[in-house]
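Only one structure is covered here, and it is reproduced in the block below.
The values are calculated or read from the model by the stated rules, or taken from the named source; none is laboratory data. As the structure is a prediction and not an experimental result, all values here were calculated from the model. All Cβ positions, glycine included, derive from the backbone under ideal geometry; neighbour counts span all protein chains shown. Note: accessible area is taken over every heavy atom of the protein model, side chains too, but ligands, DNA and RNA are not part of it. Shrake-Rupley method; radii C 1.70, N 1.55, O 1.52, S 1.80 Å.
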Amino acid sequence: MPDFKHVKIPKGDVVTVQKGKPVVGDRPVIGSLRGDGIGLDITPVMKKVVGAAVKKAYGGKREIQWCPLYAGLEGLHHYGKVLPQETVEAIQYLKVAIKGPFTTPIGEETHVCLSCAHQQYHGGTCDDCGKTDTVTERFRSINVGLRQAMDLYACIRPIMYFDGVPAPNKYADQVNFMIFRENTEDVYAGHDFERGSEVARAIIDLVKERTGKQIREDSGIGVKPISVTGTKRLVRMACQWAIQHDLPSVTLVHKGNIMKFTEGSFAKWGYEVATEEFGDRFVTEKKLWDELSGKMPKGKILIKDRIADSIFQQIQTRPGEYSVLALPNLNGDYLSDAAIALVGGLGLGPGANIGTEVALFEATHGTAPKYTGQDKVNPGSLILSAVMMLQHMGWSEAADLILDGMRRAIKDAYVTYDLARLMKAEGRKDVHEVSCSGFGEAIVQRM
Ligand code: NAD
């Protein structure tokens, strides 16, 4: 075991990975990062719900041993850093962890408060909440930092409909997607150069010299790398998911009509993975119509591609035609949030970042600082992320209990303020607005 300074590994079974699969004992040690802001409210509720489900499913034979790890405000207080190296090493050691949201500075200010997310031009006391030990210098996203430090190359987001949630889309009950977003490349790779900087000027000169094409001198420059390696490992994971879960199709989403050698290549390499690495499990749309008269053979999976702008229409007008979607980073980011809006919003959108060995599960919403500590917000996103975590660990009985409990709680309209407001606006008269912990209790009572 590595020599940790602040991390205390509880007694239990550290998860190992063999042949790409987690090996999980009856008392697995799971990393837990509380998160900033409403992480304070949702993390304990998630743990309570998971604890109750595991107990009910396995009668005390199995139990999670939570191992607190520190980043964000807790990282600052324990280590003086928002993303301590020890936290990264502990997640890598434990292999499975779950996290709440973290503050990310977005403005030009030099400092940010990790308690209320206020941004300002000095350290010391926060001008907004008045706290004296929560302000730090601005930093790059902790979420992106964690993904990059551990090469968590796939961001996976299930998008599912819960009966009773007022959803803006007429076909919301047909929505059942698993989105695989590439997490390490594309314009997120960090090659972003300010207008007039040495690198921006050099790239402008190089393009002019080699291609004769002009880029305006006063341009900022971003580089968009999309590689065979990055694409194939992501699409491979999406295809394996479709096979394991007996799903009808995998769709490669890209903007290859405009960006042939990045987005277009993503689709080309994606097809290569599906058609060359899985025997003949995958059938292309071309083959389906040219050779099979549009009739899918039993046990086969359709591999198709869609241009990015068209998929934003398709998920609204024909959501039932899509199950697994694989995308490069930027479009994956947009589509994940657009898709969750179809079924009622971020409060119920779980997520995970997966690498070769490590799996980090996460709430997909932010820190909602104005609600911190009020026991008010919806803990659904983090609870559903825990469901994904239990499935990843092979504890599907506990995962199913939580899903079932949550479905019933929502159907019975025992919901937090966000869903209560929407339900009331639809004219429902039987809405019971409950607190964050109250929603957790409503789930446990219905397991
Ligand atoms: P946010 O997600 O915190 O809030 C957006 C809106 O959704 C707000 O009205 C908020 O009150 C509501 N909301 C969010 N989560 C909710 C929940 N669980 N239940 C009910 N309502 C909820 O986004 P923001 O305000 O843009 O960002 C606040 C901070 O969070 C920023 O520092 C931002 O960078 C950070 N952030 C972090 C993550 C992450 O860690 N994954 C994601 C997004 C934003």
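For the reader, a short list of remarks on this structure follows.
- The overall shape of the range 127-239 is oblate: from the C-alpha gyration tensor, with semi-axes ordered a ≥ b ≥ c, the ratio a/c is 1.5 or greater and a/b is no larger than b/c.
- Orphan Cys of the chain, criterion: no other Cys C-beta under 4.7 Å: 67, 155, 239, 436
- Percent carbon-and-sulfur accessible area, the chain, ignoring ligands, DNA and RNA, probe 1.4 Å: 50
- Accessible area per residue, Å², the chain with all protein chains present, probe 1.4 Å: 46
- Comparing Cα centroids, the range 37-68 and the range 109-148 end up 29 angstrom apart.
- Rounded, prolate or oblate (a/c below 1.5 giving rounded, otherwise prolate when a/b exceeds b/c) for the range 221-349 by Cα gyration tensor: oblate
- Residue among 223, 207, 193 farthest towards the positive dipole end of the range 186-225, charges placed on Cβ: 207
- Aspartates and glutamates whose Cα lies under 15 Å from that of residue 8, excluding same-chain neighbours fewer than 8 positions away: 74, 86, 89
- Neighbourhood net charge (11 Å Cβ-Cβ; Lys/Arg +1, Asp/Glu -1) for residue 222: -2
- Note on the chain: Kirkwood hydrodynamic radius from all Cα pairs is 23.4 Å, rounded to one decimal.
- In straight-distance terms, cross-link reach from residue 21 covers every one of the aspartates and glutamates whose alpha-carbon lies under 15 Å from its own, apart from those fewer than eight places away in the same chain; here that gives 357.
- Sequence-ordered 3J(HN,Hα) estimates for the range 394-405 from the Karplus curve with 6.51, -1.76 and 1.60 and θ = phi - 60° stand at x, 9, 6, 5, 5, 4, 5, 4, 5, 4, 5, x Hz, glycine and proline given as x.
- Along each principal axis, Cα extent of the range 186-225, largest first, Å: 27, 19, 13
- Relative contact order (%) - criterion: Cα under 8 Å, at least six apart; region: the chain: 20
- Among beta bridges that DSSP assigns inside the chain, antiparallel share in %, nearest 5: 45
- Choice from 209, 74, 397 with maximal GNM fluctuation in the chain (Cα, 10 Å cutoff): 209
- Here residue 131 is the anchor, and the lysines within straight C-alpha reach of less than 17 Å, apart from those fewer than 8 places off in the same chain, are 370.
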